[in-house]
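One structure below.
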Amino acid sequence: MSTPRTHHSYSKRAKTDFNSLPYDVIVRIAAPFRPPDLIGASLVCVAWRDALKPLREAMVFTEAGKILKREHKRVNAMLGEALEAFLKGAARGYTPAMVEVGLIYYLDMGRKDEGILWYRRAAELGDPAGQYHLAMFYFQLLQGACLPGNNPYYNTKVAIEYLHKAAIGGHALAQHQLAHCYHQGRGVTRSISQTARWFLRAAEGGYMPAMMNIALCYILGIGVVPSNKSGGIWHKRAIASRKDHGCRDEDSWMDLIRIVYSNKEFL
């Protein structure tokens, strides 16, 4: 008769297995974790708690940086302090901190090359936000008048690859942008069913423009079986979301009416 496995034996095995992993492997697994997931993983066992300590410290620096960044809107001097906090988090391998560093360099300081390096670092560690921002950077380059020479990174295929990874990772803006790519046939084979699929995923992720778009898809039968009921449900959710942002009901109705009657392009 086999001996039943006890909680102690599971903990001992988890400790042995986890401790045998090199730190860079642990970072690759847990670096993209957002606070709830990182805290949950740290509670699995003592070994996981100890191994993830640098990332928990990085999480604290990142959350502090976000507070300082919000304060920057009132006090300009706070941006440097926010960047310092994000850099401390990034130095510990935490990808959300890397993305925040990239955003400050790229958007606030105009140091785009440095910003892209941080986006890429986060993207290669599997961070959906880093993948999204990197993909959008590539798309912007492709739309620009001046493109770098024969750099293999600057092409639609690579942009779509990063965008798709971000969408699979649950990034709502990436899902919405991917839907547009399928609708326009940009970098992918045009597919109305995939357009509706990704609009729906983004809407389920809480992105209001996607709610409007999937409502339109249901009302007009674009990529889905026509359903005024489903269209109405998503439109009501979009209205509720817009109210949270200070928009009026009639604004949302006029948006939908305008789209239905023009039916030229999605939001």
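The values are calculated or read from the model by the stated rules, or taken from the named source; none is laboratory data. Keep in mind that what you see is a predicted model, and the values were worked out from it rather than measured. Using ideal geometry, Cβ is built from the backbone for each residue, glycine included, and neighbour counts are taken over all protein chains shown. Quick note on the areas: whole protein, heavy atoms, side chains included, nothing else; ligands and nucleic acids left out. Shrake-Rupley method; radii C 1.70, N 1.55, O 1.52, S 1.80 Å.
Observations on the structure shown:
- FRET efficiency for the pair Ile168 and Lys236, taken as 1/(1 + (r/R0)^6) with r the Cβ-Cβ distance and R0 = 30 Å, rounds to 0.60.
- Full-stretch length increase - Ser191, Lys157 - with 0.36 nm per residue and alpha-carbon distance subtracted: 10.6 nm
- Computed from the C-beta positions of Leu142 and Val44 and an R0 of 30 Å, the FRET efficiency is 0.10 to the nearest 0.05.
- Cα convex hull volume per residue for segment 172-213 (Å³): 47 Å³
- When Ile29, Ile192, Ile160 are compared by accessible area at a 1.4 angstrom probe, the order from most to least is Ile29, Ile192, Ile160.
- Where labels lie 7 Å past Cα in the beta-carbon direction, separation of Val225 and Gln184 in nm: 3.2 nm
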